[in-house]
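A short worksheet on the structure shown next.
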Amino acid sequence: MTASKPFKRILLTGAAGGLGQVLRQSLQAHAEVVRLSDISAMAAAEGSHEEVRPCDLADKAGVLALVEGVDAIVHLGGVSVERPFEEILEANIRGTFHIYEAARIHGIRRVVFASSNHVTGFHSPQDRLDARSERRPDGYYGLSKSYGEDLATFYFHRYGIETVSLRIGSSFPEPRNLRMLSTWLSYSDLGHLVERALLSADVGHTVVYGVSANRDTWWDNRYAAHLDFVPKDSSERFRPQMEAQPKPAADSPEARYQGGAFTAAGPFE
Ligand code: NAI
Ligand code: 15L
């Protein structure tokens, strides 16, 4: 007898992106069907329980139709770097609002929101942060993620929709520079984090930093302990390669702020 899966249908937005490609596989364990959506073209994997629904998150009616029939949403879609405000406005600000409105209308109870460490990017690497630390968004992108977290709080208190906001550090196959020795989140720990965010009970709106068990982490997940997120990887094995790279100058964005280069992007006009 096959054990039934916790969800019938999970929607994954941003499914064609770097993290979407990783999570579309691990989500199969938790849902009978994984609905993949992106503005970019993609196809369901052969023999998988995937369905593909292209959609622009800026299209309110499109998102309303996209969300119908799912019982949880993993929302990764949007602009993932610092860009001019108008681009961020459409994909991230309007787009995330459309996701929550559609969740309200269709009675969805759980959202996992890909927030970002750039919500707190203007803190110093010497600061130790937790979910209650002052937010210091480091650009329009960080502001849009901060707004997404506010939407999550509002939709929980007003409508009871629960969210786990993942303030993801740097999730790539390997760290790319010295900064990422602190911020790296391995793909395996990402999969575990998303699993805990979907399956943990009574999360209300929980904010958790998405980071592996790195020696020099800047972030403390004490207020997300109820998720039982226990990262297993560490960036330490990449230290020799990263330390062989030139050190950032003392007055560089990387040395001054956790958000690194994002804190110095723009202005765009
Ligand atoms: P990515 O840029 O590879 O993927 C984002 C996806 O969203 C892309 O496939 C893109 O086509 C899609 N998208 C953009 N605008 C859209 C729109 N208007 N409608 C529908 N889809 C749209 O980014 P990645 O690395 O996969 O990140 C996934 C999420 O996690 C993003 O929300 C990002 O901000 C967040 N994040 C990622 C981090 C990382 O280290 N990879 C760190 C912190 C946050
Ligand atoms: C992010 O929010 C970005 O989406 C990702 O591309 C990385 O640059 C990451 O933050 C980071 O801070 O390293």
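The values are calculated or read from the model by the stated rules, or taken from the named source; none is laboratory data. What you are looking at is a predicted structure, and each value in this text was computed from that prediction instead of being measured. Cβ coordinates were reconstructed from backbone atoms using ideal geometry, including for glycine residues, and neighbour counts include every protein chain displayed. Each accessible area value is taken on the protein alone, full model and side chains, heavy atoms only, with ligands, DNA and RNA left out. Shrake-Rupley method; radii C 1.70, N 1.55, O 1.52, S 1.80 Å.
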Among residues of the stretch 158-175, those that are in contact (Cβ under 8 Å) with a residue 12 or more places away in the chain and either assigned to a helix (DSSP H, G or I) or more than 15 Å from ARG110 (Cα to Cα) (or both), counted: 10
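So which residues in the stretch 218-255 are touching a residue at least 12 places away in the same chain (Cβ under 8 Å), part of a loop (DSSP other than H, G, I, E, B) and either under 21 Å from SER146 (Cα atoms) or among the hydrophobic types (A, V, I, L, M, F, W, C) (or both), if there are any at all?
Step one: filter the stretch 218-255 for residues touching a residue at least 12 places away in the same chain (Cβ under 8 Å), giving 218-224, 226-236, 238-239, 242-243, 245, 247-248, 254-255.
So of that shortlist, the ones also part of a loop (DSSP other than H, G, I, E, B) come out as 218, 220-221, 228-234, 245, 247-248.
Within the stretch 218-255, TRP218, ASP220, ASN221, PHE229, VAL230 meet the criteria.
Can you name the residue in the stretch 164-191 that is small (Gly, Ala, Ser) and more than 12 Å from ligand 1 (Cβ to nearest atom) and, of all such residues, is most open to solvent (accessible area, probe 1.4 Å)? Step through it out loud before you land on a result.
Of the stretch 164-191, the ones small (Gly, Ala, Ser) are 165, 169-171, 182, 186, 188, 191.
Imposing the further condition that a residue be more than 12 Å from ligand 1 (Cβ to nearest atom) reduces the set to 182, 188, 191.
Details: SER182: 11, SER188: 80, GLY191: 18 Å².
The residue in question is SER188.
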Scope the stretch 64-77; condition in contact (Cβ under 8 Å) with a residue 60 or more places away in the chain, open to solvent by less than 40 Å² (accessible area, probe 1.4 Å) and either part of a loop (DSSP other than H, G, I, E, B) or farther than 28 Å from PHE262 by Cα (or both); matching residues: VAL70, ALA72, LEU76, GLY77
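Going through VAL119, VAL112 one at a time, which residue ends up being outside any helix (DSSP H, G or I), within 14 Å of ligand 1 (Cβ to nearest atom) and either open to solvent by less than 20 Å² (accessible area, probe 1.4 Å) or of a type in the set (Phe, Trp, Tyr) (or both)? Working first, answer last.
Details: VAL119 fails: outside any helix (DSSP H, G or I).
The match here is VAL112.
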Considering residues of the stretch 256-269 that are assigned to a loop (DSSP other than H, G, I, E, B) and aromatic (Phe, Trp, Tyr) only, the residue nearest to the chain's Cα centre (by Cα): TYR257
Extreme residue, most open to solvent (accessible area, probe 1.4 Å), among residues of the stretch 128-157 that are assigned to a loop (DSSP other than H, G, I, E, B), away from ligand 1 (no atom under 14 Å from the Cβ) and closer than 17 Å to GLY210 by Cα: ARG132
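I'm checking my understanding of the structure. Among residues of the stretch 166-183 that are of a type in the set (A, V, I, L, M, F, W, C) and over 16 Å from the mean Cα position of the chain (by Cα), which one is nearest to ligand 2 (Cβ to nearest atom)? Break it down stepwise before answering.
Pass one, the stretch 166-183, residues of a type in the set (A, V, I, L, M, F, W, C): 166, 168, 172, 178, 180-181.
From what is left, the residues that are over 16 Å from the mean Cα position of the chain (by Cα) are 178, 180-181.
Details: LEU178: 12, MET180: 6, LEU181: 12 Å.
Ranking the qualifying residues of the stretch 166-183, first place goes to MET180.
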Candidate set from the stretch 234-269 (those that are closer than 18 Å to ARG135 by Cα and aliphatic (A, V, I, L, M)); member that is surrounded by the most Cβ atoms within 10 Å (Cβ to Cβ): ALA261
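Looking at ALA61, ALA3, can you tell me which residue is in a helix (DSSP H, G or I), more than 30 Å from ALA131 (Cα to Cα), open to solvent by 30 Å² or more (accessible area, probe 1.4 Å) and among the aliphatic types (A, V, I, L, M)? Write out each step before concluding.
Details: ALA3 fails: in a helix (DSSP H, G or I).
Of the residues listed, the single one that is in a helix (DSSP H, G or I), more than 30 Å from ALA131 (Cα to Cα), open to solvent by 30 Å² or more (accessible area, probe 1.4 Å) and among the aliphatic types (A, V, I, L, M) is ALA61.
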Residue ID - nearest to ligand 1 (Cβ to nearest atom), chosen from residues in the stretch 6-57 that are open to solvent by 70 Å² or more (accessible area, probe 1.4 Å) and in contact with an Asp or Glu (Cβ under 7 Å, 6 or more places away or on another chain): ILE39
Selection status of HIS192, farther than 25 Å from GLN25 by Cβ and modelled with pLDDT of 95 or more: no
The lone exception for GLU90 - which of (1) touching a Lys or Arg at 6+ places or on another chain (Cβ under 8 Å); (2) of a type in the set (Asp, Glu); (3) without any contact (Cβ under 8 Å) to a residue 40 or more places away in the chain it fails: (1)
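From the residues in the stretch 89-109 that are away from ligand 1 (no atom under 13 Å from the Cβ) and crowded, with 24+ Cβ neighbours inside 10 Å, which one is farthest from the chain's Cα centre (by Cα)?
Taking the stretch 89-109 first, the residues away from ligand 1 (no atom under 13 Å from the Cβ) are 100-109.
From what is left, the residues that are crowded, with 24+ Cβ neighbours inside 10 Å are 100, 103.
On the way: TYR100: 15, ALA103: 18 Å.
Filtering the stretch 89-109 for residues that are away from ligand 1 (no atom under 13 Å from the Cβ) and crowded, with 24+ Cβ neighbours inside 10 Å, the one farthest from the chain's Cα centre (by Cα) comes out as ALA103.
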